1. Once you've got the GNM for the chain with C-alpha springs shorter than 10 Å, pick whichever of ARG21, ARG55, ARG81 has the biggest mean-square fluctuation.
2. Stretch ALA80-LYS7 to full length: gain in nm at 0.36 nm per residue minus the Cα-Cα span?
3. Quick one: accessible area per residue over region 58-107, 1.4 Å probe, rounded to a whole number of Å²?
4. Most fluctuating residue of THR94, THR26, THR54 in a GNM of the chain with Cα springs under 10 Å: which is it?
5. How large, in percent, is the carbon and sulfur part of the accessible surface of the chain at a probe radius of 1.4 Å?
6. Which number do you get for Rg(Cα) / (2.2 N^0.38 Å) in region 2-61?
7. If I model a spin label as a point 7 Å beyond the Cα along the Cα-Cβ vector, how far apart are those points for GLU60 and ALA20 in nm?
8. Take every Cα pair under 8 Å in region 22-109 that's 6+ residues apart, average their separations, divide by the length, and report that relative contact order as a whole percent.
Amino acid sequence: MIYELKKYTAHEGKYEALTARFVQTTLPIFQRVGIEVAHVWTSPEEPGVFYYVTRFASQEARAAAWAAFMADPEWKEAKARSEADGPLLASQSTTLLQTAAFLPPGARA
């Protein structure tokens, strides 16, 4: 399995719009193109930021799913519409993760 830890930081005053787009538009498109979101987090110490983890069967599946997402006409239209007054996302980061060989007892890979 390949996992990604994604961090999204909204532009000032755009967090609500960013999270609304993520929930209403991005997540359904992710599901359709094969991007599985395992969990989403926020931190009270980081206002305007959320994290999520994606999961893929292989590096090839990951590359194909992200290519399908970026080429998706619904995504392109929704992104353009939601950013008519400027970008919602100030920054993003991705950290690729693989299951370690030394999982604690009872942990799931």
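1. ARG81
2. 24.2 nm
3. 69
4. Of THR94, THR26, THR54, the Gaussian network model singles out THR94 as fluctuating most.
5. 57
6. After normalising by residue count via 2.2 N^0.38 Å, the value is 1.19.
7. 4.2
8. Averaging sequence separation for qualifying contacts and normalising by length gives 22 percent for region 22-109.
The values are calculated or read from the model by the stated rules, or taken from the named source; none is laboratory data. The structure displayed is predicted, hence computed values, not measured ones. Don't worry about glycine lacking a Cβ; one is built from the backbone with ideal geometry, like all the others, and counts go over all protein chains shown. Remember, those area values only see protein heavy atoms, side chains included, never the ligands or the DNA or RNA. Shrake-Rupley method; radii C 1.70, N 1.55, O 1.52, S 1.80 Å.
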